[in-house]
1. Among the numbered conditions (1) in a helix (DSSP H, G or I); (2) open to solvent by less than 50 Å² (accessible area, probe 1.4 Å), tell me where Asn86 comes up short.
2. Would you check which residues across segment 146-166 are among the aliphatic types (A, V, I, L, M) and either in contact with a His (Cβ under 7 Å, 6 or more places away or on another chain) or without any contact (Cβ under 8 Å) to a residue 40 or more places away in the chain (or both) and list them?
3. Out of (1) without any contact (Cβ under 8 Å) to a residue 60 or more places away in the chain; (2) within 20 Å of Ala9 (Cβ to Cβ), what's the single condition that is false for Tyr103?
4. Which residue out of Ile37, Ile63 is more than 30 Å from Leu189 (Cβ to Cβ) and among the β-branched types (Val, Ile, Thr)?
5. Got a number for residues in segment 118-138 being in contact with a helix residue (DSSP H, G or I) (Cβ under 7 Å, 6 or more places away or on another chain) and surrounded by fewer than 18 Cβ atoms within 10 Å (Cβ to Cβ)?
6. Return a yes/no flag: does segment 184-191 have any residue that is over 30 Å from Gln98 (Cβ atoms), touching a Lys or Arg at 6+ places or on another chain (Cβ under 6 Å) and surrounded by 14 or more Cβ atoms within 10 Å (Cβ to Cβ).
7. Within segment 149-171, how many residues turn out to be hydroxyl-bearing (Ser, Thr, Tyr) and under 26 Å from His120 (Cβ atoms)?
Amino acid sequence: MRDKILHHAADMFLNYGFKSVTMDDIADALGISKKTIYQHFDNKTKLVEATVMNLFQIISKGIDAICELHKNPIEEVYDIKQFVMNHLKDEKSSPQYQLQKYYPALFSTLKHKQFEVMQHCVKANLQRGISDGLYRDTINVEFISRIYFNSMVAIKDKELFPLKHFSMNEIMDYFLEYHLRGICTPKGLDTLKQYINNQS
């Protein structure tokens, strides 16, 4: 039952937002009493925390699985983006913004964990791209990996990038092409252009 509650809560929070979804809404959607939810989670904050951390674990494992395939580094970047977007429902409800506003302590903890996971993954991608001749061997891997993470956080800021002007999917694609064009060799640029053409 706990897993069922987490699954449905994640679905509802991502579609409608952490603020607007109530414990009653979740209970109604599951066809159970609110009391049943409280047997597993003391309050809404505990449920939000468990839901966010559970989703983080699922996404982290999925990213690790993609990285273990050792695909072309450029293709890997886009595969990870697509996997994350699928799990975050295209971020329609601006989950990062809502967490930061309504659950700042949880947001801070999550950001730290995300940084650790992304640093490992992005550094490995950059080093493999350099080895494969797709990324320039003059880039500073430590710098690029940190700029990448900070940019990923920034593009989810709905005041900077309002959804009425961009869909989350568009923003991610624009950013990934911008990132890759900045670090690719001529060979990498050819690979990037070919990948983008194949997707269109």
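The values are calculated or read from the model by the stated rules, or taken from the named source; none is laboratory data. Here the structure is a predicted model, which means the values were calculated and not measured. Glycine also receives a Cβ, built like all others from the backbone with ideal geometry; neighbour counts cover every protein chain displayed. The accessibility values were calculated without ligands, DNA or RNA, using every heavy atom of the protein model including side chains. Shrake-Rupley method; radii C 1.70, N 1.55, O 1.52, S 1.80 Å.
1. Asn86 satisfies every listed condition except (2).
2. Once the filter is applied, which keeps residues that are among the aliphatic types (A, V, I, L, M) and either in contact with a His (Cβ under 7 Å, 6 or more places away or on another chain) or without any contact (Cβ under 8 Å) to a residue 40 or more places away in the chain (or both), segment 146-166 yields Ile147, Met152, Ala154, Ile155, Leu160.
3. (1)
4. Checking each option against the conditions leaves just Ile37.
5. Residues flagged as in contact with a helix residue (DSSP H, G or I) (Cβ under 7 Å, 6 or more places away or on another chain) and surrounded by fewer than 18 Cβ atoms within 10 Å (Cβ to Cβ) within segment 118-138 amount to 9.
6. Yes; the residues of segment 184-191 include at least one that is over 30 Å from Gln98 (Cβ atoms), touching a Lys or Arg at 6+ places or on another chain (Cβ under 6 Å) and surrounded by 14 or more Cβ atoms within 10 Å (Cβ to Cβ).
7. Selection size over segment 149-171: 1.
Condition check ((1) among the aromatic types (Phe, Trp, Tyr); (2) open to solvent by less than 50 Å² (accessible area, probe 1.4 Å); (3) at pLDDT below 90) across all residues:
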position	(1), (2), (3)
Asn15	no, no, yes
Met23	no, yes, no
Lys35	no, no, no
Gln39	no, no, no
His70	no, no, yes
Ile74	no, yes, no
Gln100	no, no, yes
